[in-house]
1. Condition check: surrounded by 15 or more Cβ atoms within 10 Å (Cβ to Cβ) and in a strand (DSSP E or B). Does residue 87 satisfy that?
2. Cβ-Cβ under 7 Å, sequence separation 6+ or interchain: first residue in region 121-143 and surrounded by 14 or more Cβ atoms within 10 Å (Cβ to Cβ), partner among the basic types (Lys, Arg). Which pairs?
3. Being at pLDDT 95 or above and open to solvent by 50 Å² or more (accessible area, probe 1.4 Å) is the filter; apply it to region 192-227 and report the residue that is farthest from the chain's Cα centre (by Cα).
4. Looking at region 61-75, is at least one residue outside any strand (DSSP E or B), in contact (Cβ under 8 Å) with a residue 40 or more places away in the chain and of a type in the set (Ser, Thr, Tyr)?
5. When only residues in region 40-75 that are among the acidic types (Asp, Glu) and open to solvent by 40 Å² or more (accessible area, probe 1.4 Å) count, which is nearest to the chain's Cα centre (by Cα)?
6. Pairs only if they're at least six apart or on different chains, beta carbon under 6 angstrom, first in region 164-188 and touching a residue at least 60 places away in the same chain (Cβ under 8 Å) and surrounded by 14 or more Cβ atoms within 10 Å (Cβ to Cβ), second part of a strand (DSSP E or B) and of a type in the set (D, E, K, R); list them, first residue then second.
7. Go through region 16-39 and give me each residue that's at pLDDT below 90, assigned to a helix (DSSP H, G or I), out of contact with any Pro (no Cβ under 9 Å at 6 or more places or on another chain) and open to solvent by 40 Å² or more (accessible area, probe 1.4 Å).
8. Please state which one of 280, 235 is open to solvent by 50 Å² or more (accessible area, probe 1.4 Å), closer than 23 Å to residue 89 by Cα and either modelled with pLDDT of 90 or more or of a type in the set (Lys, Arg) (or both).
Amino acid sequence: MIRTQMLMMGTIGIVFILLQGCMADMRTPNIKKQGISQQEEQKGRALIEAAWTKHGFSNLKHHQTYGFTGDDIWKGMMGKMGKPWPEAESQIGFKYAVGSFDSQATFLNGQRKGLKAGLQSWNYYEQEPGKALAFVETDERIAFGLSAFHYFFELLDRMKSLPIVAYAGEKAFDGKKFDMVFATWEKAEPHMAHDQYVLWINQATGLLEYAVYSLRDNYLKMPGGKSFYGSIHYEDYRRIEGVLIPHTQTVFLNQPKENDEKHIHRLKVKDFQFDGFPIEELYPDPALTKLGDRKK
């Protein structure tokens with residue numbers, strides 16, 4: 001038994017070493033082979049623009065903030081390794097400033113129940129129940145979770161302004177047909193400075209249903225981590241003040257699975273509301289320069 005376990009650990013170690021030289025590449029085969037033509041760029045941008053309009057993102061400009069309660073569950077070994085929160089099953093109150101990374105989470109259950117954690121211009125703060133709010137050393141997991149959840153709620157709005165966009169072909173999946181759009185920064189080839197995305201836009205509905213994305217920079221500093229990538233399934237869209245909000249977001253390791261139960265993470269959204277709290281709550285230090293959606 002011990003010998004078997006040692007062999008398994010050795011095999012895992014070899015795999016990690018081999019993966020260290022790899023980097024997940026979201027480019028579809030046609031983009032890898034032919035590059036990006038002006039026609040493919042125009043078609044990709046037109047698809048994003050049409051989906052952006054269909055989702056009602058033009059109405060975001062009428063709002064400063066949004067908030068919701070999230071039931072957030074991470075399952076399996078990879079899910080438990082990847083969870084950004086203290087608990088694998090968490091109920092969290094989220095608050096976000098539109099078009100920024102300024103955000104806040106309040107844990108409603110678990111070992112850190114009542115803790116308020118937030119990002120203001122990428123400065124991390126916490127407030128324990130009954131204590132004063134303080135800017136402290138960054139909890140990388142919580143900070144990553146706050147910014148990632150924020151980003152994926154506004155994904156189409158943010159993809160609209162990316163410098164590299166291209167139509168990436170059609171795909172049949174789970175009985176549906178999708179147009180795929182590739183998007184990234186700086187250059188199409190994989191590089192550590194920026195992530196890559198492939199948006200799956202449902203041809204029948206015009207809505208963003210899946211997004212596949214690389215994970216260049218995250219808190220999991222494991223060997224070979226840059227070779228992993230993820231995908232998210234947006235569903236249960238509900239129109240709130242003109243904006244379609246996905247009330248279920250299911251995340252998979254690597255490509256989407258037709259069987260949604262093979263996920264590693266699922267967020268269920270409740271009580272979504274625009275402008276349900278004063279924006280000043282997200283700016284406890286008014287002296288900090290507002291960065292908007294800039295990384296630093």
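The values are calculated or read from the model by the stated rules, or taken from the named source; none is laboratory data. Being a predicted model, the structure only gives us computed values, none of them experimental. As a convention, Cβ positions derive from the backbone with ideal geometry for all residues, glycine included, and neighbour counts pool all protein chains shown. Remember, those area values only see protein heavy atoms, side chains included, never the ligands or the DNA or RNA. Shrake-Rupley method; radii C 1.70, N 1.55, O 1.52, S 1.80 Å.
1. no
2. Listed pairs, sorted by first residue: 121/290; 122/296; 126/116; 127/116.
3. Taking the candidates together, the pick is 204.
4. no
5. 71
6. So the pair list comes out as 180/171.
7. Across region 16-39, the qualifying residues are 18, 29, 30, 32, 33, 34.
8. Of 280, 235, the one residue that is open to solvent by 50 Å² or more (accessible area, probe 1.4 Å), closer than 23 Å to residue 89 by Cα and either modelled with pLDDT of 90 or more or of a type in the set (Lys, Arg) (or both) is 235.
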